[in-house]
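All of the numbers you see were taken from the coordinates with simple rules; none came from a lab. Just so you know, these numbers come straight off a predicted model, no measurement behind them. Glycine gets a Cβ as well: all are built from the backbone with ideal geometry, and neighbour counts include every protein chain shown.
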Amino acid sequence: MTAIYPGSFDPITNGHLDVIRRGLGMFGEVTVLIAKNPKKTGLFSLAERRVHIHAAVEDDPRVKVDVFEGLLVDYARAIGAKVVLRGLRAVADFEYEFQMANMNRHLYPGMETVFLVTSADNFYVSSSLVREVALLGGNIDDLVPPGVAAALRAKKEPLGDP
């Protein structure tokens with residue numbers, strides 16, 4: 001059975017990897033689905049995010065990486081998936097995710113959302129916070145995979161910092 005794990009993954013964090021690993025323990029395959037949002041300009045291109053995710057999961061054949069734009073339920077129907085995997089960090093996450101889960105089930109009856117509570121090591125970590133800290137020169141090495149940390153440092157250099 002395939003579970004879909006949607007998100008921006010800009011960049012992928014160790015919290016995301018925790019959800020992927022735990023999802024693999026419950027499902028035979030996890031499709032990491034990078035959301036293409038035309039309203040947002042990401043720090044990393046979609047192609048860079050794909051590379052970072054593949055490297056972070058060490059090209060595990062049980063992890064697929066894809067990009068989508070539009071309704072998640074349309075993508076899920078197209079690949080025959082009925083499970084969405086989501087990580088929860090705080091109560092605020094739950095309120096939004098609860099609404100999305102119910103809307104997805106309304107649009108695609110039979111689709112279920114499985115919530116995984118984020119580990120204590122990662123509950124405060126978000127991609128946007130990691131980006132901000134990295135671009136301001138903070139150490140994010142223990143929050144993201146090594147390749148992502150290096151890529152974030154490379155993004156910082158063009159800002160004129162030594």
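Grab the DSSP H runs of the chain that are 4 residues or longer, score each as -39,500 (n - 2.57), total them, divide by all residues and round the 222 nm result to the nearest 500 deg cm²/dmol.
Using -39500 (n - 2.57) per qualifying helix, the result is -13000 deg cm²/dmol.
Rg(Cα) of the chain divided by 2.2 N^0.38 Å?
1.04
Largest first and in whole Å, what are the equivalent-ellipsoid semi-axes of region 1-87 based on the Cα gyration tensor, each being the root of 5 times an eigenvalue?
In descending order, the three semi-axes are 19, 17, 10 Å.
Could you work out the local net charge near V114, counting Lys and Arg as +1, Asp and Glu as -1, over the other residues with Cβ closer than 12 Å to its Cβ?
+1
By per-residue mean of other Cβ atoms within 10 Å, what is the highest-first order of 5-15, 25-35, 105-115?
Put in order of decreasing packing, that is 5-15, 25-35, 105-115.
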